[in-house]
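Quick notes on the structure that follows.
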Amino acid sequence: MRSATLAALLFPSLAAAGPLDGLERTLASIVDCASCHAALPTFKSIAHLGDAAFVKTITAACIDMQIEDRDVCEGAIRTQGPILAHDLRHFALGGQTATRFCDAVFGMCTPPPVNEYTVPFPRPPPERPARFRSAGRPPFRVMHFSDVHIDRQYTVGAEANCTKPICCRDYDGRPKHVNAPALPLGNRHCDTPTKLVDSMLQAVERFGADARFSLFTGDVIDHAVWEVSEVGVSRDMQTFSDQMAARLNAPLFPALGNHESAPTNSFPRNTTEHEINSEWVFNAQRASWAQWIGEEATDQIRHHSGSYAAMAPGTNLRIISVNTQYWYKQNFWLYDSDDLQPDPNGILAFLVQELQAAEDAGQRAWIIAHMPPGRGDVAHDQSSYFDQVIQRYKNTIAGQFYGHTHADEFAIGYSNYSDRSAATAMSIAMIGPALTPMSGNPAFKMYDIDPDTYEIMDARTYITNVSDPNYHLHPTWELLYSARDSYGALVPALAPNASLSPAFWHNLTEVFYKNDSAFQAYIAHKPRGREFVRRPCVGACKNGTLCEMRTLRSGVCATASGPVFRLPGGHAQFTTELESCEGHGIGHIVRGLLAKLSPQAGQKANVEPVPQNDDHSQAVLWV
């Protein structure tokens, strides 16, 4: 029986009303998780009409409700819509996958409780773990940059204040009257021009002339998610690698971002019953990165879904690069089965394998990846299982490094989340700021690393100020702050020769609770400039931000719809969790439809209260 006929038999009311009218009525009825579940049969029925019908219906609603310009609606839904339709045809109503789907797509449900699963480890922890002691030798330097989001179509003179999610492009030919012409080094409504990339790499080369190596934690591709293609993504990855190779003297260890795919965020699991796969992404990754990571690690990319491990030259440090996109809620391929899959594509198993090898060899290890594992856009199951791995190998892991949030921040992992203290702080993650001007001043980080323990001695952030009158003529990169200089004096327990340990960062959060001036200075560092902070972060904003500092496991903080501090950038009518990372794809469009057709649901999808100490606190979101 043809799917259209089957859908008409199963859902006669939809057939009578028409898919578009039925869809809009259904969206208007969604106000909470229960009503989202009740709405899924309508979406399933449209999906059973076929991918083309599903795309046509969602696109018509997007255009009808003016969520985005017509070309954005058409492009984003044409590429990402078939994934949602595929999901809807494969999961059962009322189950965990349906709840996760409502959470990820509509922002309406709290994720279900974490399923019990014990990560298998080859061996128990050693009775006498290796002890890594500093000999007091001078530290070496490591550079860290992330979320460059390079727009290869950036056009000087194009309109910088347009109606698209990103501007500074001649989309349909330049209009006769340009109100805000794009300048050479970018704009708050635009992604990164090539000239700004060159400027950053020159600064990295200058400040890190003696760096041992560099880290790049993902997201090369721009935010025009409605226009991405396999050919374009592969080409842009290679072009950026060529730029880095021409500038950087030291080796580079990269990680894969969620934008390194077409459609954006699209990483099918190896259990997905579909002709689409991510092999082309990994081929592009291997071609771009082989020059730095070596033959063995390049081969690992193919067999471990974009993950690899390699030794940093001249050290006893193993760099483990993990593809966390299989844990990302906006990777909609994660909802195409009701089968419990605790370790999609074996990413955790690979991480365990490499950490065990490091432990056996008496090495230390760094984990690098794009997405911090403790935020609201991470699947709770996989985040919890990742935490098991960190607990098991806490003696081996000397540091973790991420991007994705576009903010300059940190997060602490604990051995006991019921007792988060300096004594239980066991791991520290540095989250690198973005280059794209959409989310603040362009920035990168530099670390001083102890050569014996491979722990961080200092973390410095460098920026170029887009508000400087000479920015577009002669951009100046300068030190914004040193963590040791700015924060060390606030934590008296920090000895002159001590590392910035997890305990140090926990003690700093204790200071932030009591010293609001210090906390607001930290807030100003997140977008890399005080001028981007629209108002003080107080009450719920402060409590939520501090909670996020104190977790590397999602679900610990009561922020059901994500982070609680607004970064600058973006100009859409409807903003949701980490729009700066997701882009204006189909998830944004569906939630935008919900906000217009069901304002009560739109408000719920945007803001969930976090624990607060007063009755006058405020909660704001990322853009």
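The values are calculated or read from the model by the stated rules, or taken from the named source; none is laboratory data. Small disclaimer: the values here were computed from a predicted structure and weren't measured. For neighbour counting, all protein chains shown are included, and Cβ atoms are generated from backbone atoms with ideal geometry for every residue, glycine included.
Scanning the stretch 124-174 for residues that are small (Gly, Ala, Ser) and free of Cβ contacts under 8 Å to residues at least 40 places away in the same chain gives GLY157, ALA158, ALA160, GLY173. Taking HIS90 as the residue in question, decide whether it is more than 25 Å from the chain's Cα centre (by Cα), under 22 Å from GLY376 (Cα atoms) and not hydrophobic (A, V, I, L, M, F, W, C). Criteria not met by HIS90. Residues in the stretch 506-559 that are over 19 Å from TYR481 (Cα atoms), in a helix (DSSP H, G or I), touching a helix residue (DSSP H, G or I) at 6+ places or on another chain (Cβ under 8 Å) and hydrophobic (A, V, I, L, M, F, W, C): 1 in all. Within the set CYS109, CYS102, the sole residue that is at pLDDT below 95, hydrophobic (A, V, I, L, M, F, W, C) and in contact with a helix residue (DSSP H, G or I) (Cβ under 6 Å, 6 or more places away or on another chain) turns out to be CYS109.
Could you tell me which residue of the stretch 461-485 is nearest to ALA524 (Cα to Cα), considering only residues that are without any contact (Cβ under 8 Å) to a residue 24 or more places away in the chain and part of a strand (DSSP E or B)? Step by step, filter the stretch 461-485, then rank; the result is LEU479.
Among THR79, THR59, which is touching a Cys at 6+ places or on another chain (Cβ under 6 Å) and within 25 Å of GLU230 (Cβ to Cβ)? Checking each option against the conditions leaves just THR59. Selection of the stretch 322-375 for residues being over 30 Å from ASP452 (Cα atoms) and in a helix (DSSP H, G or I) yields GLN325, TYR326, TRP327, PHE332, TRP333, LEU334, TYR335, PRO344, ASN345, GLY346.
Is there a residue being of a type in the set (Phe, Trp, Tyr), over 17 Å from ASN265 (Cβ atoms) and at pLDDT 95 or above anywhere in the stretch 314-330? Within the stretch 314-330, not a single residue is of a type in the set (Phe, Trp, Tyr), over 17 Å from ASN265 (Cβ atoms) and at pLDDT 95 or above. Taking ASN277 as the residue in question, decide whether it is surrounded by fewer than 19 Cβ atoms within 10 Å (Cβ to Cβ), free of Cβ contacts under 8 Å to residues at least 12 places away in the same chain, part of a loop (DSSP other than H, G, I, E, B) and among the polar types (S, T, N, Q). Against the criterion (surrounded by fewer than 19 Cβ atoms within 10 Å (Cβ to Cβ), free of Cβ contacts under 8 Å to residues at least 12 places away in the same chain, part of a loop (DSSP other than H, G, I, E, B) and among the polar types (S, T, N, Q)), ASN277 qualifies. Residues in the stretch 156-214 that are of a type in the set (Asp, Glu) and closer than 29 Å to THR461 by Cα: ASP191, ASP198, GLU205, ASP210.
Condition check ((1) closer than 26 Å to VAL590 by Cα; (2) surrounded by fewer than 22 Cβ atoms within 10 Å (Cβ to Cβ)) across all residues:
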site: SER305; (1), (2): no, no
site: ALA309; (1), (2): no, no
site: GLY314; (1), (2): no, yes
site: TYR326; (1), (2): yes, no
site: ASN331; (1), (2): yes, no
site: LEU334; (1), (2): yes, no
site: SER337; (1), (2): yes, yes
site: LEU351; (1), (2): no, no
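Out of VAL55, VAL31, one residue alone is buried (at least 17 other Cβ atoms within 10 Å of the Cβ), closer than 26 Å to CYS162 by Cβ and either of a type in the set (Val, Ile, Thr) or touching a residue at least 12 places away in the same chain (Cβ under 8 Å) (or both). It is VAL55. For the stretch 14-73, list the helices (runs of 4 or more DSSP H) that sit wholly inside it and hold at least 3 residues that are under 15 Å from ILE586 (Cα atoms); which are they? In the stretch 14-73, 51-64 are the helices (runs of 4 or more DSSP H) which contain 3 or more residues that are under 15 Å from ILE586 (Cα atoms). Annotation note: of PHE410, PHE444, the sole residue that is touching a Ser or Thr at 6+ places or on another chain (Cβ under 8 Å) and either among the basic types (Lys, Arg) or in a strand (DSSP E or B) (or both) is PHE444.
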